[in-house]
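Worksheet: the structure to be examined is printed underneath.
The values are calculated or read from the model by the stated rules, or taken from the named source; none is laboratory data. The shown structure was predicted, so the numbers you read here are calculated from the model rather than taken from an experiment. Heads up, the Cβs are rebuilt from the backbone with ideal geometry, glycines too, and the neighbour counts pull from every protein chain shown. Heavy atoms of the whole protein, side chains included, go into the accessibility calculation; ligands, DNA and RNA do not. Shrake-Rupley method; radii C 1.70, N 1.55, O 1.52, S 1.80 Å.
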Amino acid sequence: MPFHPAVRPLLQPVRPAIVLHHLGQLALVLAVLLAVPMVFAALTGDWALARRLLVAALLPALALGLCARIRTGERTLQANEALVITALTFVLAAALMTYPLAAAGLPPLDAWFEAVSGVTTTGLSLVRDPESRSDAFLFARAWMQWFGGLGIVVLSLALAFGRTEDMRRLANAAADEDNLAQGTRIYARRALAVYLLATSAGLALVLATGLPPFETLIHTLAAVSTGGFSGLSDSLAGYGRGAQWSLLSVSLLGAVPLLLLHRAWHHGAARLGDDPEVRALLVAALVVALLLWWLGGLAPMDAVLQALSAQTTTGFSTLDPRGLDAAAKGVLILSMATGGGVGSTAGGIKLLRLLILVRMLQLAVLRVQLPSHAVVHPTLGGRDLEGSQIEHALLLILLFVLLILGSWLAFLAAGYPPLDALFDIVSATATVGLSTGITGPDLEAGLKLLLTLDMLAGRLEIVALLVLIFPGTWYKS
């Protein structure tokens, strides 16, 4: 790719030693995380899955764990290195889980699809009969989504890396640059604490509805990570309203930025109402529910529950999406695409970026009515928006739309119904998990691979994946 001559000397390719060192450290963490479903499988007698999980946890972890011993000195991590490490971690986690999931009789490609869907907290599944699978298999899938949600903490920091205002927003650091590193460490600890607390509170809330303990466990892990894997073929349709409301309430919690939940815990729930992204999340869910009731003909309760599921990008369902009319599917497509909050476990474009887009449109209209010498700075939530923030938000929206359109063309070429194909593609890219029935074991191999790419790109917010495959990331072109 050609660059301006003045730019070429400034390019900084990733340093392999730095990448391998951090990837080795994360591989050791993955080994510990994989030990949890391995122990569960052993305790429940699923030895085939337990043995495969042992292999997945030990062999790659030992190989990459040696990389953690590479000496890197105190060299600062570059922005491209942070994105490459994060992208490789998600791919590595999915690859490690593919071999164990194949123990349930899934073909290798289907096992890879299921693993990608799990670690990206999507919830699209090629398993048509989850009731017939072992408890260990169902727990392993739910656990993948739960630790995939943990990966969002790392991802949110990596995506903000190098953009000072975004780092300050996430880290809640002071204005000077020296505080950012310490602030990001504080953010990671706080986000982890909130995630664990939300998981515990969710388990208690759902268990109180009378759901059996194991079903409470796997569905709550999926809900707090806005994942959506269910142990039942009809998702939540067979549960009572109490269990449905409890699980989707936990999902709503997962769609709120983790840092905001921490502030609300320490300074009162009123802090949540002051945030424009949280207000937008609630308003969007309400509007979607009204449209599903008015245009889609859904019963009021189902309309609200499906709106929460789509807007939080959880993917639980209280009814069969295949039976929805065109208007309801269209509403859900828009809801899934917009998603939840930045720094939450939700997927989609993210509401903050859409708010920035709306603000820029408002500013464009306002400037036409002002004198040419007038200076107006865009603000959101009482804070000035930096140029890099605006550029990044608009770029991600554009890339998201282009990715969906490109994938849609492939499904149209294969002869699938346009609206249903678009529904499933948006569901995969926004990491939701709702499906009109197109996504299944009979789907063509090429389209399965395309959806796994959509899920990875959507979870990595496209830029991290582009950085990973861009040749200039690895050497000066």
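Scan segment 229-249 and tell me whether some residue there is of a type outside the set (K, R), over 25 Å from R459 (Cβ atoms), without any contact (Cβ under 8 Å) to a residue 40 or more places away in the chain and touching a helix residue (DSSP H, G or I) at 6+ places or on another chain (Cβ under 7 Å).
yes
Of a type in the set (A, V, I, L, M, F, W, C) and either over 30 Å from F137 (Cα atoms) or open to solvent by 40 Å² or more (accessible area, probe 1.4 Å) (or both): which single residue out of L247, L258, L232 fits that description?
Going through L247, L258, L232 in turn, just one is of a type in the set (A, V, I, L, M, F, W, C) and either over 30 Å from F137 (Cα atoms) or open to solvent by 40 Å² or more (accessible area, probe 1.4 Å) (or both): L232.
Please identify the pairs in which a residue from segment 263-283 that is under 17 Å from G339 (Cα atoms) has its Cβ atom under 6 Å from the Cβ atom of a residue that is open to solvent by 30 Å² or more (accessible area, probe 1.4 Å) and modelled with pLDDT under 80, counting only partners at least 6 apart or on another chain.
What qualifies is P276/G381; V278/L272.
Go through G433, G406, G437 for me and flag whichever is on the phi > 0 side of the Ramachandran plot and surrounded by fewer than 17 Cβ atoms within 10 Å (Cβ to Cβ).
Working: G433 fails: surrounded by fewer than 17 Cβ atoms within 10 Å (Cβ to Cβ); G406 fails: on the phi > 0 side of the Ramachandran plot.
Sole residue among the options that is on the phi > 0 side of the Ramachandran plot and surrounded by fewer than 17 Cβ atoms within 10 Å (Cβ to Cβ): G437.
State which residue is farthest from V463 (Cα to Cα) when the search covers only segment 67-118 and only residues that are among the hydroxyl-bearing types (S, T, Y) and touching a residue at least 12 places away in the same chain (Cβ under 8 Å).
Of all residues in segment 67-118, those among the hydroxyl-bearing types (S, T, Y) come to 72, 76, 86, 89, 98-99, 117.
Of the ones still in play, those that are also touching a residue at least 12 places away in the same chain (Cβ under 8 Å) are 72, 86, 89, 98-99, 117.
Numbers: T72: 26, T86: 11, T89: 15, T98: 25, Y99: 28, S117: 19 Å.
Filtering segment 67-118 for residues that are among the hydroxyl-bearing types (S, T, Y) and touching a residue at least 12 places away in the same chain (Cβ under 8 Å), the one farthest from V463 (Cα to Cα) comes out as Y99.
Could you please find all residues in segment 206-227 being open to solvent by 10 Å² or more (accessible area, probe 1.4 Å) and at positive phi?
G210
Which condition does R271 not pass, out of (1) surrounded by 20 or more Cβ atoms within 10 Å (Cβ to Cβ); (2) over 22 Å from the mean Cα position of the chain (by Cα), if it passes all the others?
(1)
Residue by residue, here is whether (1) part of a helix (DSSP H, G or I); (2) open to solvent by less than 60 Å² (accessible area, probe 1.4 Å) holds:
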site: R279; (1), (2): yes, no
site: Q306; (1), (2): yes, yes
site: T314; (1), (2): no, yes
site: G330; (1), (2): yes, yes
site: G341; (1), (2): no, yes
site: V358; (1), (2): yes, no
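For segment 193-216, check the following and say yes or no: at least one residue is at pLDDT 90 or above, assigned to a helix (DSSP H, G or I), under 30 Å from D320 (Cβ atoms) and aromatic (F, W, Y).
Yes, that holds for at least one residue.
Among the residues of segment 1-60, how many are open to solvent by 50 Å² or more (accessible area, probe 1.4 Å), modelled with pLDDT of 80 or more, among the β-branched types (V, I, T) and in a loop (DSSP other than H, G, I, E, B)?
The number of residues fulfilling the criteria is 1.
State yes or no: is D135 more than 15 Å from the chain's Cα centre (by Cα), on the phi < 0 side of the Ramachandran plot, modelled with pLDDT of 95 or more and open to solvent by 40 Å² or more (accessible area, probe 1.4 Å)?
Numbers: more than 15 Å from the chain's Cα centre (by Cα): yes; on the phi < 0 side of the Ramachandran plot: yes; modelled with pLDDT of 95 or more: yes; open to solvent by 40 Å² or more (accessible area, probe 1.4 Å): yes.
Here the answer is yes, as D135 does meet what is asked.
Residues V365, V401, V426: which one is modelled with pLDDT of 90 or more, open to solvent by 40 Å² or more (accessible area, probe 1.4 Å) and in a helix (DSSP H, G or I)?
Numbers: V365 fails: modelled with pLDDT of 90 or more; V426 fails: open to solvent by 40 Å² or more (accessible area, probe 1.4 Å).
Only one candidate passes the filter, namely V401.
Can you find a residue that is within 28 Å of D384 (Cα to Cα), open to solvent by 60 Å² or more (accessible area, probe 1.4 Å) and either modelled with pLDDT of 95 or more or assigned to a helix (DSSP H, G or I) (or both) anywhere in segment 161-172? Let's see the steps before the verdict.
Taking segment 161-172 as the starting set, the residues that turn out to be within 28 Å of D384 (Cα to Cα) are 161-172.
If we keep only those that are open to solvent by 60 Å² or more (accessible area, probe 1.4 Å) as well, we get 161-162, 169, 172.
Of the ones still in play, those that are also either modelled with pLDDT of 95 or more or assigned to a helix (DSSP H, G or I) (or both) are 169.
Yes, some residue in segment 161-172 is within 28 Å of D384 (Cα to Cα), open to solvent by 60 Å² or more (accessible area, probe 1.4 Å) and either modelled with pLDDT of 95 or more or assigned to a helix (DSSP H, G or I) (or both).
With the condition kept exactly as written, say whether any residue in segment 80-94 is surrounded by 24 or more Cβ atoms within 10 Å (Cβ to Cβ), modelled with pLDDT of 95 or more, aliphatic (A, V, I, L, M) and part of a helix (DSSP H, G or I).
Taking every residue of segment 80-94 in turn, none turns out to be surrounded by 24 or more Cβ atoms within 10 Å (Cβ to Cβ), modelled with pLDDT of 95 or more, aliphatic (A, V, I, L, M) and part of a helix (DSSP H, G or I).
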